[in-house]
Amino acid sequence: MSNITDTLNRIIALGKQLCEKDKWCHMECTEPHTMDEILAHEAKLGIKIPDAVKEILTVSDELIIDGCGLLHLYGLKNCSLQGTGNGAYIPKYLTIGSVIGVKGNSVYADLNTGVLSVKVDTSVYEPVGDFCNDILVPYENRLRKHIAALERKDELLEKQRNNPFREYYDTLVGYNESELGKGRRYPPVILYPPASEEEISAWEKENNIVLPESYKNWILISNGTYFNGWEVDSLDEVKNNLTDGTMEFDEGTYVLLASLTGCCDYLLGNIETGEALELSEEFDTEDGEDSLIDHLGYQIEWYEEKLAEEEEND
């Protein structure tokens with residue numbers, strides 16, 4: 001077996017562990033194809049499926065792991081001519097998978113040449129040098145890290161009984177535990193496991209940045225959260241935000257930390273002082289130290305109204 005097969009099998013095993021430890025994780029792993037089936041499909045359509053994709057298809061036709069950032073590798077039927085009859089054509093860049101942590105979050109295949117690429121700009125694609133090491137291994141490491149965080153989740157949360165966000169966190173957990181939450185394929189709220197105070201301090205030193213206290217308080221109970229447009233980036237995501245580009249204002253240099261409304265209202269952090277700044281869609285700025293808790297309060301009010309409406313309709 002090659003590195004791709006070995007790594008993909010480890011990812012599948014880790015995905016099963018994740019689903020056992022986190023009931024909100026979703027995973028699908030469909031039956032694989034034989035190489036003969038793949039080659040026949042390739043010959044029939046006159047296309048060139050990348051070697052890495054062929055090997056993936058011999059492990060699983062379609063693989064989805066959602067709960068630790070998305071990994072979705074599409075199946076063989078995705079590698080087909082687009083259109084019908086005389087209008088059929090071979091797409092130059094076909095999306096063959098979505099993987100958190102990859103540039104643009106997607107991997108593309110050129111079915112004329114069999115080359116894999118990632119999009120680095122609007123119309124600029126960069127060839128993938130090593131699919132296993134560049135795409136699969138980072139996601140495998142992400143899975144291992146997430147599973148380790150889940151194993152110490154209860155211990156870390158116990159230390160945050162007096163956290164100013166704890167009551168709000170418990171409310172969000174309650175939405176997932178409600179009948180409305182249990183009836184969904186995906187929960188109303190995505191709550192990643194917390195980071196420890198030691199991890200946050202080490203992260204700040206490693207990245208030469210000071211984080212706002214309000215942001216750190218939330219990360220101490222959920223290192224990455226998604227709730228109806230109110231989204232707090234994890235430490236890993238903030239690191240990516242630093243790489244993608246900071247923002248300059250009169251007060252200094254800032255990095256994106258959270259989306260407050262799902263539109264164009266954001267929480268930023270001054271990388272030198274840790275000052276929190278709220279940025280509106282009109283590019284107005286104001287003190288942002290209370291922005292996380294204020295906007296979360298608005299979202300909770302909206303969700304409570306939605307729950308009340310659904311109860312009335314039942």
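The values are calculated or read from the model by the stated rules, or taken from the named source; none is laboratory data. These numbers come from a predicted model, not from an experiment. All Cβ positions, glycine included, derive from the backbone under ideal geometry; neighbour counts span all protein chains shown.
Among the candidates Glu272, Glu286, single out the residue that is assigned to a strand (DSSP E or B), at pLDDT 90 or above, surrounded by fewer than 16 Cβ atoms within 10 Å (Cβ to Cβ) and not hydrophobic (A, V, I, L, M, F, W, C). If you could, list the steps in order and put the result at the bottom.
On the way: Glu272 fails: assigned to a strand (DSSP E or B).
Every option except Glu286 fails the conditions.
Find all pairs meeting these conditions: Cβ atoms under 7 angstrom apart; at least six residues apart or on different chains; first residue within segment 154-178 and under 14 Å from Phe227 (Cβ atoms); second residue hydroxyl-bearing (Ser, Thr, Tyr).
Tyr169/Ser222; Tyr175/Tyr303
Would you point out which residue out of Tyr89, Tyr74 is out of contact with any Leu (no Cβ under 8 Å at 6 or more places or on another chain) and not assigned by TED's automatic domain parsing to the domain that holds Asp236?
Tyr74
Quick one: Asp121 ticks every box in (1) of a type in the set (Asp, Glu); (2) assigned to a loop (DSSP other than H, G, I, E, B); (3) at pLDDT 95 or above bar one, so which box is it?
Exception for Asp121: condition (3).
What residue, among those in segment 219-229 that are of a type in the set (A, V, I, L, M, F, W, C) and under 13 Å from Glu197 (Cβ atoms), is nearest to the chain's Cα centre (by Cα)? Before you say what the answer is, go through the steps one by one.
Applying the first criterion (of a type in the set (A, V, I, L, M, F, W, C)) to segment 219-229 yields 219-221, 227.
Filter once more, so that each one left must be under 13 Å from Glu197 (Cβ atoms): 219-221.
On the way: Ile219: 16, Leu220: 19, Ile221: 18 Å.
Only one residue tops the list, namely Ile219.
Just for segment 193-236: of the residues that are of a type in the set (Ser, Thr, Tyr) and out of contact with any Leu (no Cβ under 9 Å at 6 or more places or on another chain), which one is surrounded by the fewest Cβ atoms within 10 Å (Cβ to Cβ)?
Ser201
Specify which of the listed residues (Leu111, Leu136) is out of contact with any Ser or Thr (no Cβ under 7 Å at 6 or more places or on another chain), among the hydrophobic types (A, V, I, L, M, F, W, C) and under 19 Å from Ile38 (Cβ atoms).
On inspection, the qualifying residue turns out to be Leu111.
Can you tell me which of (1) among the basic types (Lys, Arg); (2) assigned by TED's automatic domain parsing to the domain that holds Leu235; (3) modelled with pLDDT under 95 is the one Lys145 doesn't meet?
Unmet for Lys145, out of (1) among the basic types (Lys, Arg); (2) assigned by TED's automatic domain parsing to the domain that holds Leu235; (3) modelled with pLDDT under 95: (2).
On the basis of being under 30 Å from Glu213 (Cα atoms) and in contact (Cβ under 8 Å) with a residue 12 or more places away in the chain, does Leu150 make the cut?
Judged against the criteria, Leu150 is a match.
Restricting segment 116-133 to residues that are surrounded by 16 or more Cβ atoms within 10 Å (Cβ to Cβ) and touching a strand residue (DSSP E or B) at 6+ places or on another chain (Cβ under 8 Å), which is farthest from Lys239 (Cα to Cα)?
Leu116
From the list Leu73, Leu57, Leu94, which residue is at pLDDT 85 or above, within 25 Å of the chain's Cα centre (by Cα) and within 25 Å of Ser234 (Cα to Cα)?
Selected residue: Leu73, the only one of Leu73, Leu57, Leu94 that is at pLDDT 85 or above, within 25 Å of the chain's Cα centre (by Cα) and within 25 Å of Ser234 (Cα to Cα).
Could you grab the pairs with beta carbons closer than 6 Å, sequence gap of 6+ or different chains, first residue in segment 189-204 and closer than 14 Å to Gly69 by Cα, second one charged (D, E, K, R) and part of a helix (DSSP H, G or I)?
Hits for this filter: Pro193/Lys153.
Condition first: of a type in the set (Val, Ile, Thr), in contact with an Asp or Glu (Cβ under 7 Å, 6 or more places away or on another chain) and closer than 18 Å to Tyr168 by Cβ. Now tell me which residues in segment 209-260 satisfy that.
Thr225
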